[in-house]
Amino acid sequence: MSRLVVSILSLALAAGCASWSGPPRAEPFRISDVAAQGDATRRASTRLVLRGLEADAGPDRGRARALYQRALQVDPTNPYAFLALARQAAERGDAAGVSYVDQAQTLLALEEAPEGAHLHARGLRGVLERRSELLREVGARAPESWADGRLDARELR
Amino acid sequence: MAAKQRRKQARKGRRSGGRRSSRPRAGLRWRRWVGGILLLASGVAGFLLGQTTQQLDRIVVDRFEGRLFRVPSRVLSAPTILYPGLELAQIDLRATLLRLGYREIGRATDLPVGRFHWGPRGVRVHRRAFDHPSRSEPARLVAIRIRNGDVEELRDVQTGRELGALLLEPELVGAYYGPDHEQRDLVRVGDVPGHLIEAVLAVEDQRFREHFGIDLRRILGALVANLQAGGITQGGSTLTQQLVKNFFLTPERSYRRKAQEALMAVLIEVRYDKDAILEAYLNEIYLGQRGATAIHGVGEASRLYFGKSVRHLDVHESALIAAIIQSPNGLSPHRSRESATRRRDLVLRLMLEQGRLPASAYEQAVSSPLKVAAVTPEPREARFFLDALRRQLPEYYDSGTLTTEGLEIYSTLDLRLQRVAAEAVRGGLADLEKGRPALAEGPGTLQACLVALRPQTGEVLAMVGGRDYGSSQFDRCTQARRPAGSVFKPFVYVAALEPREGGPRITLASTISDDPLEVKTTSGVWKPRNFDRKFHGVVTVRTALERSYNVAAARLGQQVGAERIAQVAGRLGIETPLPRVPSLAIGAADVSPLEMARAYATLANRGLRPEIRTFEDVVDPRGGTAERQEIRFQRVLDEGTAFLATSLMQGVVDRGTARALRQAGIDGPIAGKTGTSDDERDAWFVGFTPELVVAVWVGFDQPRSLGLASSRVAVPIWARFVRTATGGHIRGRFVPPGDVTRVAVHPDTGALALAGCPAQRAEYFLRGTEPSSTCPEWARRPRRPWDAHADREESPGLIERLFKRWLDRL
């Protein structure tokens with residue numbers, strides 16, 4: 001009997017802990033995770049996005065932006081190019097960049113995009129629209145990238 | 001006293017002597033006169049010379065200190081991008097390379113910059129370097145492996161590294177010229193290779209570094225030579241004098257002009273150092289023609305003859321440029337390779353003799369074959385785009401700025417698509433006139449316009465504003481406002497389908513009556529009619545649009561209201577003010593094809609309205625980014641409604657008024673709408689794939705009947721363009737968003753089709769708007785899990801979603 005009580009208590013405790021640990025964490029996501037996905041056009045476009053993020057991690061923001069635009073020239077439906085543009089806009093505090101998030105979210109919804117990509121989009125919306133609840137959410141669910149409330153180019157790459 | 005006497009006698013003697021020698025005294029006076037006159041004359045001449053010198057000096061200073069050159073701004077295309085998997089036919093690589101001035105050569109090894117070799121299994125290209133503040137690319141030797149017409153692999157030959165993508169330089173689309181129609185690429189003397197300067201000095205002015213503007217030794221030499229020849233065979237002008245002649249003077253041959261030239265040359269030499277003079281000369285000198293455009297300066301000449309920047313010229317190429325200064329057209333290598341080579345070799349010999357070139361370099365240069373870049377005339381097809389771009393450039397880029405500042409405008413234009421568009425319009429109109437000769441007769445010329453946009457970025461990829469820019473510069477894509485007819489109807493359906501408080505619940509399966517309708521208006525009773533002059537009874541919303549029934553659309557418009565229709569059209573991208581009249585529902589509104597394309601792009605872009613973008617950035621002559629046009633859009637419609645409208649228009653192409661597209665063998669995801677205005681005076685087709693929106697309009701500037709429906713006028717032009725543009729492979733698909741569900745309905749009544757329903761087809765609905773009536777009527781509609789959450793207006797759980805997905809699949 002006592003064993004049963006202990007078991008029930010343990011289960012209750014475990015369930016309680018589980019509920020206290022907050023929302024489930026998403027798998028960390030980087031665009032390089034999806035570099036091999038899609039048709040040849042998408043893959044080429046994503047490679048250009050990755051080159052752009054490499055430039056973005058350094059001082060050459062103009063070159064990064066130009067590469068994102070080239071990525072869209074190759075595949076205008078690539079959500080990751082818009083995600084990278086949104087990230088750059090968020091970094092320079094350009095609120096108009098929220099339209100990149102709109103586009104990224106619209107396009108991500110059309111494909112089997114990893115949850116982490118959706119979370120990045122939500123986080124970037126949080127930064128651009130100054131919505132702390134979104135930042136708290138992505139901070140809890142994707143702390144590897146969003147613990148500091150921002151997403152740098154290396155974290156997205 | 002004696003002295004007094006002597007003086008008296010002397011005076012007397014002088015008087016008597018004077019009388020005897022009166023002539024010398026007169027001569028003295030004359031000499032005094034002459035001397036005085038000469039003095040006066042020289043004073044006046046000196047004064048005038050001083051004045052003239054001052055005047056000429058002011059002219060020289062004004063020119064040198066002010067804008068030395070007027071440089072037309074150039075417009076460049078979007079770059080061509082190669083990547084593994086790309087179908088080569090889509091970019092027409094060989095033609096693109098040739099247009100960019102690359103030369104095809106027979107060997108694959110030691111490929112110089114700007115050359116390519118087309119082998120059995122691939123292409124080797126030595127891509128040129130490309131300068132841009134944020135998009136610079138170094139010169140790179142690349143091997144492109146081809147398999148079954150696709151790029152299989154890209155590899156940097158020097159590093160052996162595989163490349164993910166290769167960008168080719170943007171192509172020249174055109175330039176904004178001033179009245180003189182000159183083009184030049186300004187260079188700094190420091191950027192000009194030493195051998196080019198030496199070549200120019202060797203043949204044009206070997207004592208340039210020593211003289212003071214005029215070269216007396218050379219003038220004397222020329223004089224002797226001319227006397228010996230009995231006519232003018234040699235000139236004695238220095239570079240500075242040539243510069244003066246080109247900058248300030250007319251070609252008139254007179255001593256006065258020659259004197260002015262010499263004086264100004266000296267003034268320039270006094271005021272400016274030799275490098276400044278040389279730089280001005282190198283940028284000013286006329287060096288040939290590209291079609292109607294005069295090419296000035298070594299920078300532009302280097303692009304014209306060798307397709308590369310002046311910095312990358314070889315010795316023998318420099319010698320050629322210097323060689324043709326004497327007679328740019330007569331000695332043009334494009335005209336006569338032999339005479340150009342002879343003259344080039346002469347320059348090389350002069351360089352050797354004057355110690356400007358070592359013997360080894362001479363041997364190498366003189367044995368180099370003359371290889372010039374193909375002449376790449378400016379594309380004529382893009383003139384309408386250039387005008388549209390000029391109108392979209394910010395206000396401070398006025399005409400004066402564009403024709404003088406030498407800006408580089410990196411446009412969004414895809415030159416390949418532009419050519420395809422021009423050909424589609426040209427060929428399409430020719431076919432129409434061939435099939436219906438009446439269109440080629442009578443007043444006016446049959447016109448058309450085609451504009452292609454990328455919906456996700458708003459970029460204009462191609463634009464043909466009329467049949468022939470030469471005969472009419474009026475741009476029918478952006479400047480014309482023509483009755484929209486049925487291409488306007490999707491906005492009515494969007495206004496009806498869009499969920500709103502208190503609005504009618506209309507779905508694609510809802511039914512509308514296509515029976516006679518009378519609407520009282522301020523100008524009388526309006527009775528809309530269908531194109532086939534028939535009425536079709538009760539039809540579904542889908543059928544009404546697919547078949548383009550006017551009466552049904554007018555009735556739907558009555559339910560929604562003209563105000564709301566106009567508001568929705570405005571939100572989607574129609575900027576022209578629209579009349580709030582009942583007939584707006586069937587397109588009684590004048591709009592431009594560009595705004596129509598934009599509104600459809602909003603639907604293709606799932607409710608995000610793109611800003612129209614014609615350029616990416618503008619770079620000033622100092623290499624800085626002067627202006628940038630960002631990709632921008634705004635959510636103006638929910639995704640679900642945008643998808644429903646798209647699905648409706650897919651039906652138009654699959655089964656409706658634009659099914660000619662399918663009959664023409666165009667497969668893949670396409671949505672669109674035909675439009676024919678009253679009396680068939682305007683024919684439209686606006687259609688889109690997931691990545692491309694194309695609007696086509698056909699008609700006369702002074703409206704008259706085409707006598708044909710748009711499916712036989714505008715649709716074939718659209719098909720011609722899209723088939724070639726996509727290479728027959730339309731990428732992507734229209735995917736329903738999460739809030740759209742697909743259920744089986746009865747095709748005529750739109751009722752939910754259940755077991756026992758005699759016919760059924762799948763239809764899309766915004767979640768929660770599925771039909772409540774059933775087919776057969778007695779059957780009970782099953783309650784499915786998401787009905788419950790639709791009631792609760794909560795999002796479904798995982799189990800529910802999976803279950804729904806499973807049911808949807810069923």
(message) Which aspartates and glutamates, if any, have their Cα less than 18 Å from the Cα of residue B:520, not counting same-chain residues under 8 positions apart?
(response) B:563
(request) Go through B:585, B:755, B:355 and say which Cα lies farthest out towards the positive end of the charge dipole of chain B; charges sit on Cβ, +1 for Lys and Arg, -1 for Asp and Glu. (result) B:355
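Sequence gap at least 6, Cα distance under 8 Å: using those rules, report the relative contact order of the stretch A:58-157 to the nearest whole percent. Intermediate results must be reported in sequence, preceding the final value.
Details: 105 pairs, mean separation 21.1, N = 100.
It rounds to 21 percent for the stretch A:58-157.
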(request) Would you be so kind as to identify which of B:451, B:765, B:379 lies farthest towards the positive end of the dipole of the protein assembly as shown, taking Lys and Arg as +1 and Asp and Glu as -1 on Cβ and the Cα centre as origin? (result) B:379
(message) Can you compute log10 of I(q)/I(0) for the stretch B:99-223 with the Debye formula, treating each Cα as one identical point scatterer, at q = 0.15, 0.22 Å⁻¹?
(response) -0.90, -1.30
(request) Can you check how the C-alpha radius of gyration of chain A compares to 2.2 N^0.38 Å, as a plain ratio? (result) 1.26
(request) Largest first and to the nearest Å, give the Cα extent of the stretch B:79-171 along each principal axis. (result) 37, 27, 26
(message) Below 8 Å between Cα atoms, with a sequence gap of 6+, how large is the relative contact order for the stretch B:483-590 in percent?
(response) 37 percent
(message) Output wanted: per-residue J couplings in Hz (rounded whole) for the stretch B:677-689, from phi through Karplus 6.51 cos²θ - 1.76 cosθ + 1.60, θ = phi - 60°, x for Gly and Pro.
(response) 7, 3, 6, 6, 8, 10, 10, 10, 8, 10, x, 8, 10
(message) Quick check: from the Cα gyration tensor, does the stretch B:263-419 come out rounded (a/c under 1.5), prolate or oblate?
(response) oblate
(message) At a 10 Å Cβ-Cβ cut-off, how would you order B:463, B:649, fewest neighbours first?
(response) B:649, B:463
(request) With only Lys, Arg, Asp and Glu charged, each at its Cβ (+1 for the first two, -1 for the last two), find how big the charge dipole of the stretch B:483-590 is about the Cα centre; round to the nearest 20 debye. (result) 180 debye
(message) Considering just Cα atoms, how many Å³ per residue does the convex hull of the protein assembly as shown enclose?
(response) 327 Å³
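Viscosity 0.692 mPa s, temperature 37 °C: Stokes-Einstein D of the stretch B:182-366 from its Kirkwood Cα radius, in µm² per second? Show your work: numbers first, answer last.
On the way: Rh = 16.9 Å.
It diffuses with D of about 194 µm²/s by this estimate.
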(message) Between residue B:729 and residue B:529, what is the label-point separation in nm under the 7 Å Cα-to-beta-carbon projection?
(response) 4.9 nm
(message) Restricting to DSSP H runs of at least four residues, report the calculated mean residue ellipticity at 222 nm for chain B, -39500 (n - 2.57) per run over all residues, nearest 500 deg cm²/dmol.
(response) -12500 deg cm²/dmol
(request) Considering Cα pairs under 8 angstrom that are at least six residues apart, work out the relative contact order of chain B and quote it in whole percent. (result) 10 percent
(request) May I ask you to give the average projected area over all directions of the convex hull of the Cα atoms of chain B, in nm² rounded to one decimal? (result) 59.7 nm²
(message) Positive end of the dipole of the protein assembly as shown, charges at C-beta (+1 Lys, Arg; -1 Asp, Glu), about the Cα centre: which of B:222, B:683, B:484 has its Cα farthest in that direction?
(response) B:222
(request) Treat the count of other C-beta atoms within 10 Å as a stand-in for reagent exposure and order B:616, B:691 from fewest to most. (result) B:691, B:616
(message) Can you sort B:408, A:129 from fewest to most other Cβ atoms within 10 Å of each residue's own Cβ?
(response) A:129, B:408
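FYI, it's all coordinate maths here, none of it is from the lab. Keep in mind that what you see is a predicted model, and the values were worked out from it rather than measured. All Cβ positions, even for glycine, are placed from backbone atoms using ideal geometry, and neighbour counts span all protein chains on display.
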